[in-house]
1. So for segment 167-178 (the condition being over 30 Å from the mean Cα position of the chain (by Cα) and either surrounded by 14 or more Cβ atoms within 10 Å (Cβ to Cβ) or among the polar types (S, T, N, Q) (or both)), does at least one residue qualify?
2. Taking strands (runs of 3 or more DSSP E) that fall entirely within segment 64-139, which contain at least 1 residues that are in contact (Cβ under 8 Å) with a residue 24 or more places away in the chain, more than 30 Å from C259 (Cα to Cα) and of a type in the set (S, T, N, Q)?
3. Of the residues T302, T354, only one is surrounded by 20 or more Cβ atoms within 10 Å (Cβ to Cβ), at pLDDT 90 or above, over 21 Å from the mean Cα position of the chain (by Cα) and within 28 Å of G245 (Cβ to Cβ); which?
4. Would you check which residues across segment 84-134 are of a type in the set (A, V, I, L, M) and in contact with a strand residue (DSSP E or B) (Cβ under 9 Å, 6 or more places away or on another chain) and list them?
5. Please give the number of the condition A223 fails out of (1) at pLDDT 65 or above; (2) in contact with a helix residue (DSSP H, G or I) (Cβ under 7 Å, 6 or more places away or on another chain).
6. Of the numbered conditions (1) exposed (fewer than 15 other Cβ atoms within 10 Å of the Cβ); (2) in contact with a Phe, Trp or Tyr (Cβ under 8 Å, 6 or more places away or on another chain), G107 fails exactly one; give the number of that condition.
7. Assess whether I71 counts as being under 30 Å from T38 (Cα atoms), out of contact with any His (no Cβ under 8 Å at 6 or more places or on another chain) and surrounded by 19 or more Cβ atoms within 10 Å (Cβ to Cβ).
8. Answer with yes or no whether S125 is surrounded by fewer than 20 Cβ atoms within 10 Å (Cβ to Cβ) and among the small types (G, A, S).
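The values are calculated or read from the model by the stated rules, or taken from the named source; none is laboratory data. Keep in mind that this is a model prediction, so the values were computed, not measured. FYI the Cβ positions are ideal-geometry reconstructions off the backbone, even for glycines, and counts take in every protein chain you see.
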Amino acid sequence: MKKLSKTLAVLLVVVLMLTSISVTTASAATNKNINVSTTVGKQIRLKPTISNPTWSVASNNILSFNKSTKIFKALASGSTTIKATSKDKKKTETFKITIKVNTSNKGNVFNKSVIGSTVWPLVKSNLYKASNLKTKSSTVSALTKGTVKEAKGDILKITCGKKTGWINAKYLLINLPDVRSDIKFNITNAYKSIFKIGGSQNKSQIKKYNSYQTRDTSYTKGAVNIPNITGKKLYSYDNDSKLDGKKYNSKLKKNEFVCPVLYTFAKVIGKAQNIALQNGYCLKIYDGYRPENVCKSFWTNTSNIASSNKKANYLTSARVSGNGTCYTNGYTNITCFVAKSISDHARGYAIDVTLTYKSSGKEISTQSPMHDLSSNSVKWVNKGNKTSWGTASTDILNTIMTSVGMKPLAYEWWHFSMPSLNVGYGNNNVSY
């Protein structure tokens, strides 16, 4: 009897072991990840082993998927998943899809002729009698409105005020919509500034990125308005009582925002737009040229609120490593977000930009709202470090903009500039 009991016990152990092995093997075979790599515009048919599965797609902005044919088409660069689940929900197959970013630049830098575009000399400039720029004919004041009449490469003949002559285009601001009408614009500072410090995402961002700020306090909730900035109309392009910020553009024959940038910078932006379009996106610009008197107002008001308001001070303190130009002892401050000296925007070679999906027109998901001047918007742990604090989509934005030579700002995911184009800066706003 004892021998029989011992034999049964051994058999029981063997059965349990075999049962355990069977379950593990089944799980490994029917719940799996399949990696798929593709490019924008390409169609791929998925081949699940699960019969008649139900499907779930993580993002329709990045791809389209026909559940009947099992064919997906990549609409934009990025990464996403398509999951096949059995009817009894016991088996899953997850297709992890990576859509590569293509940074090869195709197409013209401008989609509209330069002729007829509105321009302004950023600094006091000479006009010349001929395109060889040898004989001076007159001088035009900074920020005087002009129109392009003729072009020989980057040497333009302009009528500026009551004067006509030739000028090297590198000294000119040009109205970007005139030459890249396919870019989207929302120049909020021209009708109602959205600059704030903080937002609804403070708590999650602080918990994720700032290890010293782990507790939920009154400082982690909501935003701080910036006096004389938030909700104010900062630029004088529009005299419409509706404050829509647009003006009638006679070249485009429609109402459109005014967005001056250096002519040479506009060409670089055009390259970035070409790359964005071929990756399934479109640039959407929130700010270009910003006169220095407005920049000074930004600095005065933001620095005052950051020093007097504990919540604003708290939200502009991101945890970073070491010491740098705008952070000491491992903490950022307001100078990381707002220029104390001459701003890149006043020099005409900076833009605040995001992306929209070309297929839907919807803006990409970002780590913080546009123009949130707080630690929520910090992109990298260290200045220039590629350890991202942002989202996959803002990393794509960064890839597109830097691929054409623009310089990113570690503390504002939306800001890109090109200091090598510097020719001076404008104190006041342009007239239009």
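1. yes
2. Because the criterion is at least 1 residues that are in contact (Cβ under 8 Å) with a residue 24 or more places away in the chain, more than 30 Å from C259 (Cα to Cα) and of a type in the set (S, T, N, Q), the strands (runs of 3 or more DSSP E) in segment 64-139 that meet it are 78-85, 92-99.
3. T302
4. Residues satisfying the conditions are A84, I97, I99, V101, V114, I115, V119, L122, L127, A130, L133.
5. The single condition A223 does not satisfy is (2).
6. G107 satisfies every listed condition except (2).
7. no
8. No; evaluated as a whole, the condition is false for this residue.
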